[in-house]
1. Going through segment A:72-93 one residue at a time, which ones are of a type in the set (D, E, K, R) and part of a strand (DSSP E or B)?
2. Could you tell me whether any residue of segment B:134-147 is over 30 Å from B:Gln45 (Cβ atoms) and open to solvent by 10 Å² or more (accessible area, probe 1.4 Å)?
3. State yes or no: is B:Leu157 assigned to a strand (DSSP E or B), farther than 20 Å from B:Thr25 by Cα and either at pLDDT below 95 or in contact with an Asp or Glu (Cβ under 7 Å, 6 or more places away or on another chain) (or both)?
4. For B:Glu252, state whether it is surrounded by 20 or more Cβ atoms within 10 Å (Cβ to Cβ) and either in the same structural domain as B:Phe152 (by TED's automatic domain parsing) or not in a strand (DSSP E or B) (or both).
5. B:Lys56 passes all but one of (1) touching a helix residue (DSSP H, G or I) at 6+ places or on another chain (Cβ under 8 Å); (2) surrounded by fewer than 14 Cβ atoms within 10 Å (Cβ to Cβ); which number fails?
6. Among the residues of segment B:107-116, is there at least one that is buried (at least 18 other Cβ atoms within 10 Å of the Cβ), of a type outside the set (Asp, Glu) and under 21 Å from the mean Cα position of the chain (by Cα)?
7. Would you mind listing the strands (runs of 3 or more DSSP E) fully within segment A:164-274 where at least 3 residues are within 14 Å of chain B (Cβ to nearest Cβ) and of a type outside the set (A, V, I, L, M, F, W, C)?
8. I need the strands (runs of 3 or more DSSP E) fully contained in segment B:1-107, keeping only those with at least 3 residues that are without any contact (Cβ under 8 Å) to a residue 12 or more places away in the chain, closer than 25 Å to B:Asp183 by Cβ and polar (S, T, N, Q).
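The values are calculated or read from the model by the stated rules, or taken from the named source; none is laboratory data. What you see is a predicted model, and the numbers here were worked out from it, not measured in a lab. Every residue, glycine among them, receives a Cβ derived from its backbone with ideal geometry; neighbour counts consider all protein chains shown. Accessible surface is based on the protein model in full, side chains and every heavy atom, while ligands, DNA and RNA are left aside. Shrake-Rupley method; radii C 1.70, N 1.55, O 1.52, S 1.80 Å.
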Amino acid sequence: MKNLLKRYLPQESIKFLSYLKNWNHKIYSFRDDINFETNFSDFFIWSNDCSKIEFVAENLRGLIIGKKIEVTHNFVFFNEQGQFITSQKYQTCNFFEKIVLDSPLENPKSKYFSFIHFVDSKTSLNDIFDNIGLNKLNDICEQNRGYTIYYPGENKYSAAVVHGNFGGISKNFLRRVKTNFRKHIYTPIYKFEGRENYDLVFNNPTKTNLVIKIIYNDSDKIINLNIPSLGTKYFSLSNYSGSISFESKLAICRALIFRNPAPNFKGTFDVFHS
Amino acid sequence: MSSYFPIPPTINLEELSLKIAGSTTFLNIPNNRLKNRIFSKGYNQVIYLGLYSLEKYNWSLIKVFKTSPYEFAQVERKDFECESNQMLVLVPQKTNNFPKSPKKLPKPDSLRIDKSPVAERCSLNFSFKNSVTSYQGEYPFEMALLKNSSFFSFDALKQSSFKDEVLNFVIYMNININSDVRDEANINVFNPSDIFLKRKFVAKRNSFTIHRIQEENNGSQINSVYFYTSEDCSFIPITLTLNLKTNQLSAEHTHPPSEFFYGLNKIDGGRLLKKTWL
């Protein structure tokens, strides 16, 4: 039956049926607008208490053809409430560029907020794929994942790095991550230690308000965070040992975890995706 | 997709007579699941972890950990007699029925209880003095079956070093279920602006290969990003940095090349990058 359907149904119908199969577990909304000119950016976290933040950005155009191509790396920042703050641009032709980001707020009030990364260039991915004869490679677009390097103190060489994790936001702010009808519970496989302090930072890449319930699995405590679209909220955790779960309408809900967050001069800082 | 949970290596800092220690933390809970419907049963699965080491002719079961729901198991390499880079791996299963000396690693059971998107993971930890760095990692079962594979990565996560204040390492992790697979594979290192000046070093299959970044990191090229490729074997590369002044540690893996793309055909995108650089 499955083979018969695959044989006689149009490709788009097969894709839609496949999407419906596990619709309550889908991370992204159904879309047919993926092409070389669109992009998916992860939703990265800015920490205002760090002395410096760098971003490792990739030049996909150069990497594909194996030659340096001038590109502009764009960063767009949103405040805690999800409103646009500012943007920054950096031109380079390197395959990878470690970019020192400027602090987006002169008088920072928020401890954490979020940003996206995307690439502009006179040389489009469409042209590149055309030139190398791969214009039939469809249903694919650029994904801007990147790595953020956080410097928690004054030492210029003391930092921790984390890769991009989740986002699906395009350069024109199209938000593809969807909320589901049924809730999921995500549990990082991590043992929180009572002697350490943690900031659990969540941002909301969806189009709607997002409620996240933080569940202490080894006590009865529950914390609720309400995050506007493109906004960022955090919860400070201390004096607790054990595991933590996150309940939300996202198919997968991961926090960025700062262990002994900045400012930290003791070398005990860490950052990782849960 | 089920996964193996490796125990990270010990990194000997010979000039300092100190070590960076590796450990793995497991928690018995599916890391993503649908919220229970009313009246549905809670999670009550006991999980056994078989700890295997790669010995001369076979895998050897050295300990079994039993974990109840929501219970942690912490496995530290220093608690076992083994080489610093010898492959130690946890195999999760729902029954305590581990073979003692198999030629092939048993298949790990999946912890999934529904169709929620998940990568089955544990915490891979490195510690030095009072500092600990962790990341959520795993070694996918399908990857441990590969016979012919290739590799493309880069060292852009290394940190600038100043008067040897920072040590940078890339740890190349490879697991194959077959204990006979332990031959060497060449890894090419080159500056992508000068691809004809390639150096090679040797990495081992079914092992951790610890590469200290220093020779690439001198003179005017201090911040150049180097590429690492192999035509013979795939690895999970972990960049580990240590600041000797603050003791700050950092560990993170780089994304595989297919992650530069999104869409049904993202694997083709990854192949395209490998074709350019391999």
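1. Of everything in segment A:72-93, just one residue is of a type in the set (D, E, K, R) and part of a strand (DSSP E or B), namely A:Lys89.
2. Yes, segment B:134-147 has at least one match.
3. No, not satisfied.
4. Taking the combined requirement at face value, the residue satisfies it.
5. (1)
6. yes
7. Strands (runs of 3 or more DSSP E) meeting the threshold: A:179-186, A:244-250.
8. So the answer is none; nothing clears 3.
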